[in-house]
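Structure, as structure tokens:
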Amino acid sequence: EKGGYDHFMLKEIYEQPRAILDTYRGRLRADQGIIKMAGIDEHLEKFMNANRIIIVACGTSWHAGLVAEYIFEDLARVPVEVEYASEFRYRNPVITNKDVLIAISQSGETADTLAAIKLAKEKGAFVFGVCNVVGSSIARETDAGAYTHAGPEIGVASTKAFTTQITVLTLIALKLAKEKGEFSESKFHEFLTELETIPAKVEKALESNPLVEIISDVYKDATNCLYLGRGYNFPVALEGALKLKEISYIHAEGYPAAEMKHGPIALIDDQMPVFVIATKKGHYEKVVSNIQEIKSRKGKIIAIVTEGDEQVTELADHVIEVPETLESLSPLLTTIPLQLLSYHIAVMRGCNVDQPRNLAKSVTVE
Ligand code: M6R
């Protein structure tokens, strides 16, 4: 049932090219220049008239929500707020019938996310679900939704759910951008065709696996790690840190690279591995100077870079290449080596990768 892999997590990491394809198959029609999604088409005016979109989720799904915030605001020019479901529901939030709430949940059973949905519905918001499990509580409780079609995710560490959630949310953002006239036909077409190259590019990113395994061996005994990114790749840094924490039990923190100088840089010494997402299109020069700041304090730099990179490659202790893509689609690629890294480190430390201590696949308690 693990398809020849040692763990479900590794199997699910490798399923991502296929899972992403399954997520946009039938929805993305690049040749006709359209995106078809019944859940959006039927409620288009709700989205078009929304004052703002509120995204609620927990854990990895919340990180997908953060990526979506960048995509929705950048492409569709809709204001977005992303909230932990648990905080949202208990803080007497201001919600009106002009709000659209998107709840993201792989399992569709997360108690806090479900409660946040009920609250938003009571206050008159239109509630849209992005779930993986068909017929789950959240899928049933929402006014409309879109499934991720990732297939069953068994490993407690969420991997393919994350990339397919981002895929669905990207489709929605692109659709709204088009409807709102934010995009020319040619720009829209460029996005659609680039999205169609993502499964092959994820496949390419997975080829970094042997190198990631070697790097994992170097850092497997670390007691603390930092993950840094900017813009679209800031949430990827958070997600990289969460993956490492939950399955290898190494303390890790994700940070926006520019925030280093406001505190965390004090932690840097020659024992501190710093994983930096430094792809070409995401504020590259700024990230390069952040890397220099870390280097001069003797931190170890492991950078995720765009194929053919030279500048960061000169500075970093290790680089892992991913294919080039549009900045807004880059999280789908940069997250892959970070998933592999946490996987290998956990295996090397003898941890129970698929069932980490103290964790459940779906958190149905509050
Ligand atoms: O099923 P959900 O997407 O609602 O689950 C949310 C979180 O519990 C989940 O993403 C958790 O953080 C994962 N273990 C992360 O890998």
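Among HIS262, HIS63, what is the fewest-to-most ranking by other Cβ atoms within 10 Å? Kindly include the intermediate steps, with their values, before the conclusion.
Working: HIS262 9, HIS63 30.
Exposure proxy ranking, most exposed first: HIS262, HIS63.
For region 276-359, restrict the atom set to alpha-carbon positions and state the Rg and Dmax in Å.
14.7, 42
Lys/Arg Cβ at +1, Asp/Glu Cβ at -1, dipole of region 215-366 taken about the Cα centre: which of TYR232, ALA346, THR364 is farthest positive-ward?
After comparing all options, I get THR364.
Quick check: net charge around ILE34, other residues with Cβ under 13 Å of its Cβ, Lys/Arg +1 and Asp/Glu -1?
+1
Taking N as the number of residues in region 158-214, what value does Rg over Cα atoms divided by 2.2 N^0.38 Å take? Can you show the working numbers first?
On the way: Rg = 14.8 Å, N = 57, 2.2 N^0.38 = 10.2 Å.
In units of the globular-protein estimate, region 158-214 measures up at 1.44.
Which lysines, on any chain, are close to LYS46 with Cα under 19 Å apart, when same-chain ones fewer than 8 places away are left out?
LYS36, LYS98, LYS118, LYS121, LYS123, LYS175, LYS178, LYS180
Please sort by residue number the GluC sites (Glu not before Pro) in region 26-71 whose DSSP state is loop and whose Cβ has at most 14 other Cβ atoms within 10 Å. Before the final figure, lay out each step's value.
Working: sites: GLU42, GLU45, GLU69; in loops: GLU42.
In loop regions of region 26-71 (DSSP not H, G, I, E or B), the sparsely surrounded GluC sites (Glu not before Pro) are GLU42.
Which listed residue (TRP62, TYR24, HIS43) has the Cα farthest towards the positive end of the charge dipole for region 5-64, taking +1 on Lys and Arg C-beta and -1 on Asp and Glu C-beta about the Cα centre?
HIS43
Taking neighbour counts of Cβ atoms within 10 Å as a proxy for exposure, in what order, fewest first, do MET260, MET9 appear? Walk me through the intermediate numbers first.
Details: MET260 21, MET9 29.
Least crowded to most crowded, the residues run MET260, MET9.
Rounded to the nearest 5, what % of DSSP beta bridges with both residues in the chain are antiparallel? Intermediate values should be presented prior to the final figure.
Values: 2 of 42 bridges.
Counting only bridges with both partners in the chain, antiparallel ones make up about 5 percent.
To the nearest 20 debye, what is the magnitude of the charge dipole of the chain about its Cα centre, counting +1 on the Cβ of each Lys and Arg and -1 on the Cβ of each Asp and Glu?
On the way: 39 positive and 51 negative charges, 133 e Å.
The calculated dipole for the chain is roughly 640 debye.
For region 261-299 and region 205-227, compute the distance between their C-alpha centroids and round to whole Å.
A separation of 17 Å, based on Cα centres.
Put one equal scatterer on each alpha carbon of the chain, apply the Debye formula with no solvent term, and list log10 I(q)/I(0) at q = 0.09 1/Å to two decimals.
Taking Cα atoms of the chain as identical point scatterers yields -0.47.
Sequence-distant or interchain residues sharing an amide H contact under 5 Å with LYS280, placed H: which?
THR306
Taking the beta-carbon count within 10 Å as an exposure proxy, list PHE188, PHE72 from fewest neighbours to most. Walk me through the intermediate numbers first.
Values: PHE188 20, PHE72 25.
Listed from fewest to most nearby Cβ atoms, that is PHE188, PHE72.
Can you give the net charge of the other residues whose Cβ lies under 13 Å from the Cβ of GLU259, counting K and R as +1 and D and E as -1? Display every interim value, and only then the final one.
Values: positive: ARG230, LYS261, LYS286; negative: GLU253, GLU293.
Residues near GLU259 contribute +1 overall.
Spin-label point model (7 Å from Cα, Cβ direction): what's the TYR5 to TYR90 distance in nm?
The modelled label-to-label distance comes out at 3.5 nm.
Please compute the Kirkwood hydrodynamic radius of region 190-334 from all pairs of different C-alpha atoms, in Å with one decimal.
15.3 Å
Values in this text are rule-based calculations from the coordinates and carry no lab data. All of these numbers come straight from a predicted model, not from anything done at the bench. Positions of Cβ are backbone-derived with ideal geometry, glycine not excepted, and every protein chain shown enters the neighbour counts.
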